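Participant: Mind having a look at this structure? Questions to follow.
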Amino acid sequence: MIKYYIFTLILAIITALWEIQVEGRNGWAKQLPTFRINVFFRTLLGGKPLTGYHIYLLLLFITVFHGGFINELGSLKTELKVLGLVSWFFVVEDALWFMFNPHYTWRRFRKQQIDWHLRWFLGLPYTYWWGMIIGTILLILGGK
């Protein structure tokens, strides 16, 4: 499984750097021409709307991660591993977006500096905690 963790980290680094080029200082697709769903998803996303940009990004990476398990598809354990990796991928990628983004850097990674992560707990956005918890549970159930 270690090779999948390394792959996840490398993909998160590349994606974070790419998203910085797309979004610049305006995270969560704030200035992008995309649709936003504000009703139900704000609760799940820690106060943020669900955007078309992020829906298609999620679908892209679910597909990419399934590709790494192409010979094992069809098993519940494989699906749990894939979804666990995807969950961790988005947490790591988002944190790296701040670390690498010259408009933020890790020093400015605070609630007062970031207006789209509305809910925080112990110094991290609410959605990071959910992503780490759900991702870890899925990986354990999938057999790490």
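Participant: Within the stretch 3-55, work out how many residues are among the aromatic types (Phe, Trp, Tyr), surrounded by fewer than 18 Cβ atoms within 10 Å (Cβ to Cβ) and not in a helix (DSSP H, G or I).
Facilitator: 2
Participant: A further question follows. Six or more apart or on different chains, Cβ atoms under 6 Å: show the pairs whose first residue is in the stretch 74-89 and under 16 Å from Ile6 (Cα atoms) and whose second is small (Gly, Ala, Ser) and buried (at least 17 other Cβ atoms within 10 Å of the Cβ).
Facilitator: Close Cβ pairs (under 6 Å, with a partner that is small (Gly, Ala, Ser) and buried (at least 17 other Cβ atoms within 10 Å of the Cβ)) amount to Lys81/Gly142; Gly84/Gly135; Gly84/Gly142; Ser87/Gly131; Ser87/Gly135; Trp88/Gly135; Phe89/Ala12.
Participant: Can you tell me which residue in the stretch 106-144 is nearest to Arg25 (Cα to Cα), limited to those that are part of a helix (DSSP H, G or I) and aromatic (Phe, Trp, Tyr)?
Facilitator: Only one residue fits best here, namely Trp106.
Participant: Going through the stretch 40-56 one residue at a time, which ones are in contact (Cβ under 8 Å) with a residue 40 or more places away in the chain and either in contact with a Pro (Cβ under 8 Å, 6 or more places away or on another chain) or within 21 Å of Tyr5 (Cβ to Cβ) (or both)?
Facilitator: Gly46
Participant: Condition test on His103, is it at pLDDT below 95 and part of a helix (DSSP H, G or I)?
Facilitator: Details: at pLDDT below 95: yes; part of a helix (DSSP H, G or I): no.
No.
Participant: Could you tell me whether Glu72 is within 29 Å of Leu141 (Cα to Cα) and crowded, with 18+ Cβ neighbours inside 10 Å?
Facilitator: For Glu72, the condition - within 29 Å of Leu141 (Cα to Cα) and crowded, with 18+ Cβ neighbours inside 10 Å - is not met.
The values are calculated or read from the model by the stated rules, or taken from the named source; none is laboratory data. Note that this is a predicted model, so its numbers are computed, not measured. Neighbour counts run over all protein chains shown; Cβ positions are idealised from the backbone, glycine included.
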